[in-house]
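Quick notes on the structure that follows.
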Amino acid sequence: MKNIMIWIMLLLSITYTDAQNGKSPRKDYAKLANYDESKVPQYTLPSVLMCHDGEMVQTKEQWEQKRRPEILNLFTTYMFGKAPVLKHKLPCTVSRINEKALNGRATRKEITIQLTDDPQGPHIDLQLYLPNHVSGKIPVFLGISFMPNYTIYDDPDLSVPEITDEKMKKRSFRGSMDKSWQLDKILEHGYGLATFCYNDVDPDFDDDFQNGVHPYYYEKGQNFPDPDQWGSIAAWAWGMSRAMDYLETDKKVDAKKVAVIGHSRLGKTAVWAGASDPRFALVISGNSGCCGVAISRRCFGETVEAMNVRFPHWFCGNYKQFNDREKYLPFDQHELVALIAPRPIYIASAEEDNWSDQKGEFLGGKGAESVYALYGLGGIGCEEMPPVDTPYMNGPIAYHNRKGPHAVLPYDWEQFLRFADKYFKNK
(Lines give C-alpha, C1' and ligand atoms only; values in the text may rest on other atoms or scores of the structure.)
Protein backbone atom coordinates (compact mmCIF):
# COMPACT_ATOMS: atom_id res chain seq x y z
CA MET A 1 0.00 0.00 0.00
CA LYS A 2 2.90 2.37 0.78
CA ASN A 3 4.35 1.96 -2.73
CA ILE A 4 0.94 2.52 -4.32
CA MET A 5 0.51 5.82 -2.45
CA ILE A 6 4.00 6.91 -3.51
CA TRP A 7 3.18 6.24 -7.19
CA ILE A 8 -0.08 8.20 -6.91
CA MET A 9 1.79 11.14 -5.36
CA LEU A 10 4.35 10.90 -8.17
CA LEU A 11 1.60 11.38 -10.74
CA LEU A 12 0.26 14.34 -8.79
CA SER A 13 3.72 15.91 -8.63
CA ILE A 14 3.60 16.58 -12.37
CA THR A 15 1.11 19.38 -11.70
CA TYR A 16 2.68 20.59 -8.47
CA THR A 17 3.82 24.26 -8.67
CA ASP A 18 4.83 25.25 -5.16
CA ALA A 19 7.75 27.64 -5.28
CA GLN A 20 10.21 27.95 -2.45
CA ASN A 21 8.37 30.84 -0.79
CA GLY A 22 4.69 30.04 -1.09
CA LYS A 23 2.34 29.40 -3.98
CA SER A 24 3.02 30.83 -7.41
CA PRO A 25 0.58 31.19 -10.31
CA ARG A 26 0.64 28.13 -12.49
CA LYS A 27 2.46 28.54 -15.79
CA ASP A 28 2.38 26.18 -18.70
CA TYR A 29 6.12 26.20 -19.21
CA ALA A 30 5.95 23.87 -22.19
CA LYS A 31 3.77 26.35 -24.10
CA LEU A 32 5.75 29.38 -22.94
CA ALA A 33 9.08 27.81 -23.84
CA ASN A 34 11.19 29.07 -26.72
CA TYR A 35 11.57 26.55 -29.54
CA ASP A 36 12.93 29.04 -32.08
CA GLU A 37 16.71 28.83 -32.51
CA SER A 38 16.82 32.45 -33.73
CA LYS A 39 15.48 33.58 -30.35
CA VAL A 40 18.18 31.92 -28.29
CA PRO A 41 19.83 34.78 -26.36
CA GLN A 42 23.45 35.68 -26.91
CA TYR A 43 25.59 34.19 -24.18
CA THR A 44 29.15 33.51 -23.16
CA LEU A 45 29.95 30.21 -21.51
CA PRO A 46 32.15 30.19 -18.40
CA SER A 47 35.63 28.97 -19.21
CA VAL A 48 36.00 25.39 -18.09
CA LEU A 49 39.79 25.78 -17.85
CA MET A 50 40.09 29.15 -16.07
CA CYS A 51 40.57 28.85 -12.32
CA HIS A 52 39.04 31.29 -9.85
CA ASP A 53 42.35 33.12 -9.55
CA GLY A 54 42.63 33.58 -13.32
CA GLU A 55 45.16 30.82 -13.93
CA MET A 56 44.54 28.81 -17.11
CA VAL A 57 44.79 25.04 -16.79
CA GLN A 58 47.48 23.57 -19.04
CA THR A 59 47.87 20.03 -17.70
CA LYS A 60 45.69 17.21 -16.43
CA GLU A 61 47.42 17.55 -13.05
CA GLN A 62 46.27 21.17 -12.75
CA TRP A 63 42.78 20.07 -13.72
CA GLU A 64 42.60 17.28 -11.16
CA GLN A 65 44.24 19.13 -8.29
CA LYS A 66 42.87 22.65 -8.73
CA ARG A 67 40.19 23.36 -11.35
CA ARG A 68 38.09 20.19 -11.05
CA PRO A 69 37.58 20.62 -7.27
CA GLU A 70 36.52 24.24 -7.88
CA ILE A 71 33.85 23.26 -10.40
CA LEU A 72 32.65 20.29 -8.32
CA ASN A 73 32.22 22.62 -5.35
CA LEU A 74 30.21 25.12 -7.43
CA PHE A 75 27.76 22.47 -8.63
CA THR A 76 27.50 21.03 -5.12
CA THR A 77 26.89 24.40 -3.43
CA TYR A 78 24.63 26.10 -5.96
CA MET A 79 22.77 23.33 -7.76
CA PHE A 80 22.62 19.79 -6.40
CA GLY A 81 23.49 20.33 -2.74
CA LYS A 82 25.81 18.52 -0.36
CA ALA A 83 25.04 14.87 0.35
CA PRO A 84 26.06 13.18 3.60
CA VAL A 85 29.55 11.73 3.83
CA LEU A 86 29.25 8.32 5.43
CA LYS A 87 31.54 7.43 8.31
CA HIS A 88 31.12 3.76 7.49
CA LYS A 89 29.52 1.66 4.76
CA LEU A 90 25.90 0.71 5.34
CA PRO A 91 24.71 -2.92 5.48
CA CYS A 92 23.94 -4.78 2.24
CA THR A 93 22.16 -8.13 2.37
CA VAL A 94 21.67 -10.57 -0.51
CA SER A 95 18.15 -11.73 0.29
CA ARG A 96 17.54 -14.05 -2.67
CA ILE A 97 19.55 -15.73 -5.45
CA ASN A 98 18.27 -17.64 -8.48
CA GLU A 99 21.18 -19.10 -10.44
CA LYS A 100 18.88 -20.40 -13.17
CA ALA A 101 16.80 -17.33 -13.86
CA LEU A 102 15.35 -16.70 -17.34
CA ASN A 103 15.51 -20.40 -18.26
CA GLY A 104 19.05 -20.72 -17.06
CA ARG A 105 20.46 -17.78 -19.01
CA ALA A 106 21.13 -15.59 -15.99
CA THR A 107 21.73 -15.42 -12.28
CA ARG A 108 19.40 -13.02 -10.52
CA LYS A 109 20.26 -11.54 -7.15
CA GLU A 110 17.97 -9.45 -4.95
CA ILE A 111 19.87 -7.21 -2.56
CA THR A 112 18.65 -5.03 0.31
CA ILE A 113 20.84 -1.95 0.84
CA GLN A 114 20.21 0.01 4.03
CA LEU A 115 20.39 3.78 3.61
CA THR A 116 20.64 4.69 7.31
CA ASP A 117 21.74 3.13 10.57
CA ASP A 118 18.07 2.67 11.46
CA PRO A 119 16.98 -0.85 10.38
CA GLN A 120 13.46 0.52 9.91
CA GLY A 121 14.66 3.38 7.72
CA PRO A 122 14.63 3.61 3.90
CA HIS A 123 16.42 0.95 1.91
CA ILE A 124 17.16 0.17 -1.73
CA ASP A 125 15.87 -3.02 -3.32
CA LEU A 126 18.61 -3.67 -5.85
CA GLN A 127 18.00 -6.25 -8.56
CA LEU A 128 21.02 -7.68 -10.36
CA TYR A 129 21.01 -9.94 -13.43
CA LEU A 130 24.31 -11.49 -14.54
CA PRO A 131 24.77 -13.59 -17.72
CA ASN A 132 25.62 -17.22 -17.02
CA HIS A 133 27.57 -17.73 -20.24
CA VAL A 134 30.32 -15.31 -19.19
CA SER A 135 33.27 -16.48 -17.13
CA GLY A 136 35.28 -14.17 -14.93
CA LYS A 137 34.23 -10.76 -13.67
CA ILE A 138 31.31 -9.12 -15.50
CA PRO A 139 30.87 -5.42 -16.40
CA VAL A 140 27.52 -4.04 -15.25
CA PHE A 141 25.08 -1.30 -16.22
CA LEU A 142 23.67 0.31 -13.07
CA GLY A 143 20.33 1.92 -13.87
CA ILE A 144 18.06 4.04 -11.73
CA SER A 145 14.44 3.41 -12.71
CA PHE A 146 11.11 5.18 -12.45
CA MET A 147 9.34 1.91 -11.72
CA PRO A 148 9.80 -1.15 -9.47
CA ASN A 149 12.20 -3.93 -10.43
CA TYR A 150 9.50 -6.35 -11.59
CA THR A 151 8.68 -3.97 -14.49
CA ILE A 152 12.18 -4.35 -15.96
CA TYR A 153 11.48 -7.78 -17.46
CA ASP A 154 8.67 -10.31 -17.62
CA ASP A 155 10.34 -12.68 -15.19
CA PRO A 156 7.74 -15.15 -13.90
CA ASP A 157 9.79 -15.73 -10.77
CA LEU A 158 9.10 -12.18 -9.59
CA SER A 159 5.85 -11.45 -7.79
CA VAL A 160 3.77 -8.35 -8.50
CA PRO A 161 1.98 -6.70 -5.57
CA GLU A 162 -1.74 -6.10 -5.81
CA ILE A 163 -2.43 -2.68 -7.30
CA THR A 164 -5.88 -1.12 -7.05
CA ASP A 165 -5.19 2.20 -8.77
CA GLU A 166 -6.28 1.84 -12.44
CA LYS A 167 -3.65 4.23 -13.82
CA MET A 168 -0.86 2.37 -12.08
CA LYS A 169 -2.21 -0.98 -13.25
CA LYS A 170 -1.64 0.12 -16.84
CA ARG A 171 1.96 1.19 -16.18
CA SER A 172 3.39 -1.18 -13.61
CA PHE A 173 2.61 -4.75 -14.63
CA ARG A 174 5.44 -7.28 -14.82
CA GLY A 175 7.75 -6.47 -17.72
CA SER A 176 5.99 -3.21 -18.60
CA MET A 177 9.32 -1.35 -18.94
CA ASP A 178 11.21 -4.06 -20.83
CA LYS A 179 11.64 -1.99 -24.00
CA SER A 180 13.41 0.70 -21.98
CA TRP A 181 15.86 -1.74 -20.41
CA GLN A 182 16.57 -4.38 -23.10
CA LEU A 183 17.72 -7.01 -20.61
CA ASP A 184 18.00 -9.77 -23.24
CA LYS A 185 20.39 -7.71 -25.38
CA ILE A 186 22.43 -6.66 -22.36
CA LEU A 187 22.88 -10.26 -21.22
CA GLU A 188 23.65 -11.54 -24.72
CA HIS A 189 26.32 -8.86 -24.98
CA GLY A 190 28.00 -10.21 -21.86
CA TYR A 191 26.96 -7.47 -19.45
CA GLY A 192 24.99 -7.46 -16.23
CA LEU A 193 22.12 -5.14 -15.35
CA ALA A 194 21.49 -3.77 -11.86
CA THR A 195 18.40 -1.63 -11.21
CA PHE A 196 16.47 -0.01 -8.41
CA CYS A 197 13.51 2.36 -8.20
CA TYR A 198 14.32 5.96 -7.32
CA ASN A 199 11.40 6.10 -4.88
CA ASP A 200 13.38 3.73 -2.66
CA VAL A 201 15.66 6.66 -1.82
CA ASP A 202 13.33 9.64 -1.96
CA PRO A 203 9.74 9.71 -3.31
CA ASP A 204 9.44 12.20 -6.16
CA PHE A 205 7.07 14.77 -4.71
CA ASP A 206 7.60 17.87 -2.60
CA ASP A 207 6.60 17.64 1.05
CA ASP A 208 9.42 19.79 2.46
CA PHE A 209 11.78 16.81 2.62
CA GLN A 210 9.92 14.96 5.32
CA ASN A 211 9.80 11.70 3.34
CA GLY A 212 12.57 9.45 2.06
CA VAL A 213 16.12 9.53 3.29
CA HIS A 214 16.52 13.25 4.14
CA PRO A 215 15.08 13.33 7.70
CA TYR A 216 17.51 10.62 8.80
CA TYR A 217 20.45 12.94 8.16
CA TYR A 218 19.17 16.16 9.70
CA GLU A 219 21.21 17.67 12.52
CA LYS A 220 19.58 17.97 15.92
CA GLY A 221 16.75 20.50 15.69
CA GLN A 222 16.86 20.60 11.86
CA ASN A 223 13.71 19.87 9.84
CA PHE A 224 14.62 21.16 6.37
CA PRO A 225 17.84 21.03 4.31
CA ASP A 226 20.08 24.08 4.43
CA PRO A 227 20.26 26.06 1.15
CA ASP A 228 23.43 24.21 0.13
CA GLN A 229 22.26 20.73 1.18
CA TRP A 230 20.99 17.94 -1.03
CA GLY A 231 17.78 17.98 -3.00
CA SER A 232 16.13 14.87 -4.43
CA ILE A 233 18.40 14.49 -7.46
CA ALA A 234 21.48 14.55 -5.24
CA ALA A 235 19.77 12.00 -2.99
CA TRP A 236 19.00 9.69 -5.92
CA ALA A 237 22.63 10.00 -7.11
CA TRP A 238 23.81 9.27 -3.56
CA GLY A 239 21.63 6.16 -3.69
CA MET A 240 23.42 5.08 -6.88
CA SER A 241 26.69 5.34 -4.99
CA ARG A 242 25.25 3.12 -2.25
CA ALA A 243 24.40 0.56 -4.94
CA MET A 244 27.99 0.87 -6.13
CA ASP A 245 29.13 0.10 -2.59
CA TYR A 246 27.45 -3.28 -2.95
CA LEU A 247 28.70 -3.95 -6.49
CA GLU A 248 32.27 -3.51 -5.26
CA THR A 249 31.72 -6.48 -2.93
CA ASP A 250 30.18 -8.86 -5.49
CA LYS A 251 32.88 -11.28 -6.68
CA LYS A 252 31.14 -11.79 -10.04
CA VAL A 253 31.00 -8.07 -10.84
CA ASP A 254 33.86 -6.14 -12.43
CA ALA A 255 33.57 -3.06 -10.22
CA LYS A 256 36.11 -1.25 -12.41
CA LYS A 257 33.64 -1.46 -15.31
CA VAL A 258 30.31 -0.17 -14.02
CA ALA A 259 28.31 2.14 -16.31
CA VAL A 260 25.71 4.41 -14.71
CA ILE A 261 22.56 5.20 -16.72
CA GLY A 262 19.35 7.17 -16.28
CA HIS A 263 16.69 8.88 -18.39
CA SER A 264 15.13 12.37 -18.17
CA ARG A 265 15.28 13.56 -14.52
CA LEU A 266 17.10 10.33 -13.84
CA GLY A 267 19.46 11.19 -16.69
CA LYS A 268 20.34 14.32 -14.70
CA THR A 269 20.79 12.02 -11.73
CA ALA A 270 23.11 9.63 -13.57
CA VAL A 271 25.30 12.47 -14.82
CA TRP A 272 25.62 13.94 -11.32
CA ALA A 273 26.35 10.46 -9.92
CA GLY A 274 29.12 10.05 -12.50
CA ALA A 275 30.48 13.54 -11.87
CA SER A 276 30.53 13.22 -8.09
CA ASP A 277 31.58 9.57 -7.79
CA PRO A 278 34.65 8.66 -9.90
CA ARG A 279 34.10 4.93 -9.28
CA PHE A 280 31.62 4.90 -12.17
CA ALA A 281 33.66 4.02 -15.25
CA LEU A 282 31.16 5.18 -17.90
CA VAL A 283 28.17 7.55 -17.85
CA ILE A 284 25.05 7.48 -20.02
CA SER A 285 22.78 10.54 -20.24
CA GLY A 286 19.37 9.74 -21.68
CA ASN A 287 17.53 12.96 -22.65
CA SER A 288 18.78 14.71 -19.50
CA GLY A 289 18.08 18.17 -20.95
CA CYS A 290 18.13 21.32 -18.82
CA CYS A 291 20.02 20.84 -15.55
CA GLY A 292 21.50 17.72 -17.14
CA VAL A 293 23.94 18.16 -20.04
CA ALA A 294 22.07 20.86 -22.05
CA ILE A 295 23.47 24.40 -21.90
CA SER A 296 21.25 26.40 -19.50
CA ARG A 297 22.12 29.80 -20.99
CA ARG A 298 20.39 28.84 -24.25
CA CYS A 299 16.98 29.08 -22.53
CA PHE A 300 15.61 26.71 -25.15
CA GLY A 301 12.82 24.33 -24.15
CA GLU A 302 12.90 23.61 -20.43
CA THR A 303 14.56 26.23 -18.26
CA VAL A 304 15.98 26.58 -14.76
CA GLU A 305 12.81 28.36 -13.63
CA ALA A 306 10.59 25.62 -15.07
CA MET A 307 12.54 23.01 -13.13
CA ASN A 308 12.63 24.91 -9.85
CA VAL A 309 8.96 25.91 -9.84
CA ARG A 310 7.44 22.66 -11.08
CA PHE A 311 9.81 20.48 -9.07
CA PRO A 312 11.11 22.56 -6.15
CA HIS A 313 12.49 19.47 -4.41
CA TRP A 314 14.90 18.40 -7.15
CA PHE A 315 17.74 20.85 -6.42
CA CYS A 316 19.15 22.66 -3.41
CA GLY A 317 17.69 25.95 -2.18
CA ASN A 318 20.57 28.01 -3.59
CA TYR A 319 19.59 27.07 -7.14
CA LYS A 320 16.30 28.99 -6.90
CA GLN A 321 18.15 32.33 -7.15
CA PHE A 322 18.91 31.58 -10.81
CA ASN A 323 15.27 31.35 -11.94
CA ASP A 324 15.10 33.34 -15.20
CA ARG A 325 18.67 34.48 -14.45
CA GLU A 326 20.72 31.84 -16.22
CA LYS A 327 23.36 34.35 -17.27
CA TYR A 328 24.36 34.72 -13.61
CA LEU A 329 25.05 31.02 -13.11
CA PRO A 330 28.66 30.50 -11.94
CA PHE A 331 28.83 27.44 -14.22
CA ASP A 332 27.04 25.83 -17.12
CA GLN A 333 26.37 22.23 -17.97
CA HIS A 334 29.40 21.69 -20.22
CA GLU A 335 31.37 21.89 -16.97
CA LEU A 336 29.23 19.13 -15.48
CA VAL A 337 30.21 16.93 -18.44
CA ALA A 338 33.85 17.95 -17.94
CA LEU A 339 33.78 16.62 -14.37
CA ILE A 340 33.47 13.12 -15.84
CA ALA A 341 36.75 13.37 -17.79
CA PRO A 342 38.66 11.32 -18.74
CA ARG A 343 35.93 8.67 -18.33
CA PRO A 344 33.63 8.14 -21.34
CA ILE A 345 30.13 9.63 -21.51
CA TYR A 346 27.34 8.94 -23.99
CA ILE A 347 24.83 11.75 -24.57
CA ALA A 348 21.55 10.65 -26.18
CA SER A 349 18.96 13.07 -27.62
CA ALA A 350 15.64 12.48 -29.40
CA GLU A 351 14.37 14.35 -32.48
CA GLU A 352 10.89 14.96 -31.03
CA ASP A 353 12.23 16.03 -27.65
CA ASN A 354 12.60 19.79 -28.17
CA TRP A 355 11.78 20.34 -24.49
CA SER A 356 15.16 18.80 -23.62
CA ASP A 357 17.01 20.95 -26.21
CA GLN A 358 18.87 18.50 -28.42
CA LYS A 359 21.36 21.13 -29.63
CA GLY A 360 21.99 22.23 -26.06
CA GLU A 361 22.80 18.63 -25.13
CA PHE A 362 25.19 18.37 -28.08
CA LEU A 363 26.89 21.63 -27.06
CA GLY A 364 27.18 20.42 -23.49
CA GLY A 365 29.38 17.62 -24.77
CA LYS A 366 31.31 19.89 -27.13
CA GLY A 367 32.04 22.35 -24.33
CA ALA A 368 33.85 19.68 -22.34
CA GLU A 369 36.25 18.66 -25.11
CA SER A 370 39.09 20.91 -23.93
CA VAL A 371 39.28 18.98 -20.65
CA TYR A 372 39.40 15.61 -22.41
CA ALA A 373 42.17 17.05 -24.60
CA LEU A 374 44.31 17.45 -21.46
CA TYR A 375 44.37 13.64 -21.37
CA GLY A 376 45.24 13.37 -25.05
CA LEU A 377 41.68 12.33 -25.88
CA GLY A 378 39.37 13.51 -28.65
CA GLY A 379 35.79 14.71 -28.42
CA ILE A 380 32.58 13.97 -30.26
CA GLY A 381 34.28 14.01 -33.64
CA CYS A 382 32.14 16.61 -35.42
CA GLU A 383 31.76 20.38 -35.15
CA GLU A 384 28.06 20.64 -36.00
CA MET A 385 25.16 18.52 -34.78
CA PRO A 386 25.17 15.25 -36.71
CA PRO A 387 22.15 14.20 -38.79
CA VAL A 388 19.36 12.27 -37.10
CA ASP A 389 20.16 8.60 -36.47
CA THR A 390 23.88 9.19 -37.03
CA PRO A 391 25.76 8.27 -33.84
CA TYR A 392 29.21 9.74 -33.27
CA MET A 393 31.33 7.70 -30.87
CA ASN A 394 34.85 8.28 -32.18
CA GLY A 395 36.07 9.50 -28.81
CA PRO A 396 35.10 9.33 -25.13
CA ILE A 397 32.29 11.88 -25.62
CA ALA A 398 29.65 10.19 -27.77
CA TYR A 399 26.42 11.67 -29.10
CA HIS A 400 23.36 10.81 -31.14
CA ASN A 401 20.01 12.41 -31.91
CA ARG A 402 17.65 9.64 -32.97
CA LYS A 403 14.15 9.73 -34.39
CA GLY A 404 11.31 9.47 -31.92
CA PRO A 405 10.14 10.79 -28.55
CA HIS A 406 11.51 11.48 -25.08
CA ALA A 407 12.27 7.90 -24.06
CA VAL A 408 14.90 5.17 -24.00
CA LEU A 409 14.32 2.94 -27.03
CA PRO A 410 15.99 -0.21 -28.39
CA TYR A 411 17.94 1.98 -30.84
CA ASP A 412 19.51 3.81 -27.90
CA TRP A 413 20.62 0.57 -26.27
CA GLU A 414 22.21 -0.61 -29.52
CA GLN A 415 24.47 2.45 -29.38
CA PHE A 416 25.10 2.24 -25.63
CA LEU A 417 26.25 -1.36 -25.98
CA ARG A 418 28.53 -0.53 -28.92
CA PHE A 419 30.02 2.31 -26.90
CA ALA A 420 30.52 0.13 -23.81
CA ASP A 421 32.25 -2.48 -25.97
CA LYS A 422 34.94 0.09 -26.82
CA TYR A 423 35.88 0.53 -23.17
CA PHE A 424 34.73 -2.63 -21.38
CA LYS A 425 35.57 -5.49 -23.73
CA ASN A 426 39.01 -7.02 -23.28
CA LYS A 427 41.17 -6.33 -26.30
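General observations
- Over the chain, volume per residue of the alpha carbon convex hull, in Å³: 150
- Cα centre as origin, Lys/Arg/Asp/Glu Cβ charges: segment 267-345 dipole, Debye: 40
- Virtual spin-label span in nm between LYS100 and LYS185, 7 Å along Cα→Cβ: 3.0
- Accessible surface, 1.4 Å probe, highest first, among residues ASP118, ASP208, ASP353: ASP208, ASP118, ASP353
- 1.4 Å probe accessible area per residue over segment 69-202, in Å²: 46
- A 1.4 Å probe run over segment 279-427, with the rest of the protein chains in place, finds 31 Å² accessible per residue.
- For segment 357-418, the extents of the C-alpha atoms along the principal axes are 35, 24, 16 Å, listed from largest to smallest.
- Potential extension, TYR43-LYS82 segment - 0.36 nm per residue separation minus Cα distance: 11.2 nm
- In nm, spacing of pseudo-spin labels at GLU61 and TYR35 (7 Å Cα→C-beta vector): 5.2
- Segment 294-427 - Kirkwood radius from inverse mean 1/r over Cα pairs (Å): 15.8
- Available extension along the chain between HIS133 and ALA373 is 82.6 nm, counting 0.36 nm per residue and deducting the alpha carbon span.
- Computed log10 I(q)/I(0) for segment 79-172 at 0.16, 0.18 Å⁻¹: -0.90, -1.05, from the Debye equation with unit scatterers placed on every C-alpha and solvent omitted.
- For segment 205-279, the equivalent ellipsoid built from the Cα gyration tensor has semi-axes of 27, 15, 10 Å, listed from largest to smallest.
- When the alpha-carbon atoms of segment 134-224 are used, the pair Rg, Dmax equals 17.0, 52 angstrom.
- Computed from point charges on the beta carbon alone (+1 for Lys and Arg, -1 for Asp and Glu), the dipole magnitude for the chain about its Cα centre is near 700 Debye.
- Secondary-structure-derived ellipticity at 222 nm for the chain, considering helices only, amounts to -7000 deg cm²/dmol, per-run term -39500 (n - 2.57) for DSSP H runs with n ≥ 4.
- Net length available on complete extension from ASP324 to MET50 is 96.1 nm, with 0.36 nm assigned per residue and the Cα-Cα distance removed.
- Treating each Cα of segment 49-107 as one equal point scatterer and applying the Debye formula with no solvent, the log10 of I(q)/I(0) at q = 0.16, 0.21, 0.23, 0.27 Å⁻¹ comes out as -0.69, -0.88, -0.96, -1.06.
- Accessible area of the chain belonging to carbon and sulfur atoms, whole % at 1.4 Å probe: 51
- Accessible area in the full protein assembly, largest first, 1.4 Å probe, for ARG297, ARG310, ARG418, ARG96: ARG418, ARG96, ARG310, ARG297
The values are calculated or read from the model by the stated rules, or taken from the named source; none is laboratory data. Source: prediction; values computed, not measured. No Cβ is skipped: glycine too gets one built from the backbone with ideal geometry, and neighbour counts run over all protein chains shown. The area values use the complete protein model at the heavy-atom level, side chains included, leaving out ligands, DNA and RNA. Shrake-Rupley method; radii C 1.70, N 1.55, O 1.52, S 1.80 Å.
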